[in-house]
Structure formats: C-alpha cells, structure tokens
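Reviewing the structure listed below.
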Amino acid sequence: MPATAHLLTRERPRNGLAPPFLGDLALETSRVHEICGAARRTLALMVAAQMEGPVYWVSPSWNVDRLNPEGVSDFIDPGRLTFVEPSRAHDLLWCCEEVLRTGAVPLLVADLPGPPALTPVRRLHLAAETGAARANPPLGLLLTPGEGGAAGVESRWQMSPTSDKAVYWQLNRLRARALPPRSWAVSKRRALTKLTTQS
C-alpha cells in the first residue's frame with residue numbers, strides 16, 4: 001500500500017470557545033489574545049471567573065505591579081492562581097510556551113512589560129495547539145501596557161476605568177480576525193454577567 005501523504009496547510013484546527021466572559025463575548029481557545037489598557041488585569045480576572053481549573057499567571061520577577069489578593073477574591077478564589085516569576089526576560093515567553101504546551105492548564109495569563117514580536121506570538125499559538133491535541137484546549141492572554149500592539153494575536157482588547165460612577169470600565173475590541181472593532185460600557189454590578197452596548 002502506498003504511504004499516506006500528509007499535506008501541509010495553513011489552516012489550523014478550531015477548538016471552540018472558552019465560556020463567555022461578559023454577556024456573550026467569548027475568546028477562541030488554543031489561541032493567544034492580547035489585553036491592554038489600565039484595567040487589563042481586571043479583564044483577565046473576569047475571563048478567569050468564567051472558567052474552571054487552575055490559572056497560571058506569568059510575570060517578570062522585577063514587576064512592581066502585583067495582584068492584590070483582596071481584589072482577586074472579588075472575581076476568583078485566589079487558590080486557583082499559580083504565580084510564575086522568571087528572573088530573566090528571555091524566560092518569560094518560554095515559560096508561557098511550556099504552560100500552554102502541556103494542555104493541563106486551561107488559562108495562562110502572561111503579564112508582560114511590553115508587546116512581544118510576531119515570532120514569539122506564533123510560537124505561543126503553536127504551543128497552545130499542541131496543548132489542545134494532548135489534553136484540553138488552553139487559552140492564552142497576553143497583558144500589555146498602554147495601547148498594546150502584539151503582532152499576530154487572535155484578538156486585541158482594551159479596558160480602562162472611566163470617571164462615570166455608574167460605568168466602571170470602557171471595553172474596546174480593537175482587533176479580531178472575524179469581528180469588527182466595537183466598544184461597550186461595563187458596570188461593576190454587571191461586570192461578570194452582562195454588557196451594555198455603547199452607541
């Protein structure tokens with residue numbers, strides 16, 4: 001019998017969506033998404049609140065902005081968090097790759113000092129796809145300061161606090177492969193369950 005030929009393709013397997021994190025908004029699993037803005041950690045915790053299992057939070061050891069346990073407990077049980085704090089910049093994304101590749105951790109949050117380049121992001125996507133083939137499809141979130149700008153991410157979101165007492169955050173979908181940019185106003189009372197669409 002002739003050997004089966006395996007054709008190379010640019011198409012990647014689709015592994016579905018993670019549970020919606022606000023309203024019906026959901027992120028594709030086995031992929032890496034970027035969250036920027038002053039409230040990027042809050043949005044990451046909102047995503048974590050709708051998922052089950054451990055959350056690995058990777059950040060540089062020299063990062064002075066650390067999660068407040070009291071603030072975390074408003075969203076998830078702090079016991080779900082495992083902190084990984086590499087002391088070398090080179091090890092940050094390597095740690096993220098290894099976590100995604102196992103398929104044992106449903107959510108990886110990489111709290112980065114700046115947006116990574118295209119090649120490291122592609123490696124993260126490949127690691128997440130490998131993890132999905134081994135076990136469960138993982139979800140990767142890259143937290144970047146300012147306006148973000150990581151190349152090659154599946155989607156880019158920005159969340160920032162507002163001065164409105166009734167509306168706590170402004171959520172913007174800046175980029176997504178199949179969806180247009182859009183903005184929402186998010187109140188604290190409904191932050192985990194419902195979105196108010198902004199005109």
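Give me, ordered by chain and number, the residues 5 or more places off ARG175 or on other chains with an amide H under 5 Å from its own placed amide H.
Sorted by chain and number, the residues that satisfy this are ARG156.
Taking H as built 1.01 Å from N, whose amide H comes closer than 5 Å to the amide H of LEU17, not counting residues under 5 places away?
Hits under the 5 Å cutoff: THR29.
Most fluctuating residue of LEU22, LEU118, LEU139 in a GNM of the chain with Cα springs under 10 Å: which is it?
Result for the chain, Cα springs under 10 Å: LEU118 fluctuates most.
Let me know the whole percent of all Cα-Cα pairs from the chain that are separated by more than 20 Å.
Cα-Cα pairs in the chain separated by more than 20 Å: 55 percent.
Apply the Karplus parameterisation 6.51 cos²θ - 1.76 cosθ + 1.60, with θ equal to phi minus 60°, to every residue of the stretch 19-26 and state each ³J(HN,Hα) to the nearest whole Hz, in sequence, with x for glycine and proline.
For the stretch 19-26, the Karplus-derived couplings read x, x, 9, 8, x, 9, 6, 9 Hz, x marking Gly and Pro.
Taking the number of other C-beta atoms within 10 Å as the exposure measure, put TRP157, TRP62, TRP184, TRP169 in order starting with the fewest. Let's see the in-between values first.
Working: TRP157 25, TRP62 10, TRP184 18, TRP169 22.
In increasing order of surrounding Cβ atoms, one gets TRP62, TRP184, TRP169, TRP157.
Would you mind calculating the gained length between ARG134 and GLU85 on full extension (0.36 nm times residue separation, minus the Cα-Cα distance), in nm to one decimal? Mind showing how you got there, number by number?
Working: separation 49, 0.36 × 49 = 17.64 nm, distance 2.53 nm.
Extra length available between ARG134 and GLU85 comes to 15.1 nm.
In what order do SER155, SER59, SER183 fall by count of nearby beta-carbon atoms within 10 Å, going from fewest to most?
On the way: SER155 18, SER59 22, SER183 13.
Ordered by Cβ neighbours within 10 Å, fewest first: SER183, SER155, SER59.
If you keep only loop residues by DSSP, which trypsin sites (Lys or Arg not before Pro) in the stretch 131-189 have at most 13 other Cβ atoms within 10 Å of their Cβ? Working shown, then result.
Numbers: sites: ARG134, ARG156, LYS165, ARG173, ARG175, ARG177, ARG182, LYS188, ARG189; in loops: LYS165, ARG177, LYS188, ARG189.
Passing sites in the stretch 131-189 are LYS165, ARG177, LYS188, ARG189.
What is the fewest-to-most order of ASP111, ASP91, ASP24, ASP74 by other Cβ atoms lying within 10 Å of their Cβ?
On the way: ASP111 24, ASP91 16, ASP24 9, ASP74 13.
In increasing order of surrounding Cβ atoms, one gets ASP24, ASP74, ASP91, ASP111.
Have a look at ASN68, ASN172, ASN136 and tell me which one the Gaussian network model of the chain (Cα, springs below 10 Å) gives the largest fluctuation.
ASN68
Find how much the distance from SER183 to LEU118 grows on full extension, using 0.36 nm per residue of separation minus their present alpha carbon separation; answer in nm with one decimal. Could you put the intermediate results ahead of the total?
Values: separation 65, 0.36 × 65 = 23.40 nm, distance 2.59 nm.
So the chain would gain 20.8 nm between SER183 and LEU118.
Given H placed 1.01 Å from N in the peptide plane, which residues other than close sequence neighbours of GLY23 have an amide H under 5 Å from its amide H?
Long-range HN contacts for GLY23: THR193, LYS194, LEU195.
With θ set to phi - 60° and the Karplus curve 6.51 cos²θ - 1.76 cosθ + 1.60, what are the ³J(HN,Hα) couplings of the stretch 119-135 in order, to the nearest whole Hz, using x for Gly and Pro?
4, x, 5, 4, 5, 5, 4, 4, 5, 5, 5, 5, x, 5, 6, 7, 8
Please list, in order along the stretch 179-185, the HN-Hα scalar couplings obtained from phi with the Karplus expression 6.51 cos²θ - 1.76 cosθ + 1.60 (θ = phi - 60°), rounded to whole Hz, x for Gly and Pro.
So the J values, rounded to whole Hz, are 10, x, x, 7, 10, 9, 9.
Readers should treat all values here as calculations from the given coordinates under stated rules, not as data from a laboratory. Everything numeric in this text was worked out from a predicted model, so none of it was measured. Don't worry about glycine lacking a Cβ; one is built from the backbone with ideal geometry, like all the others, and counts go over all protein chains shown.
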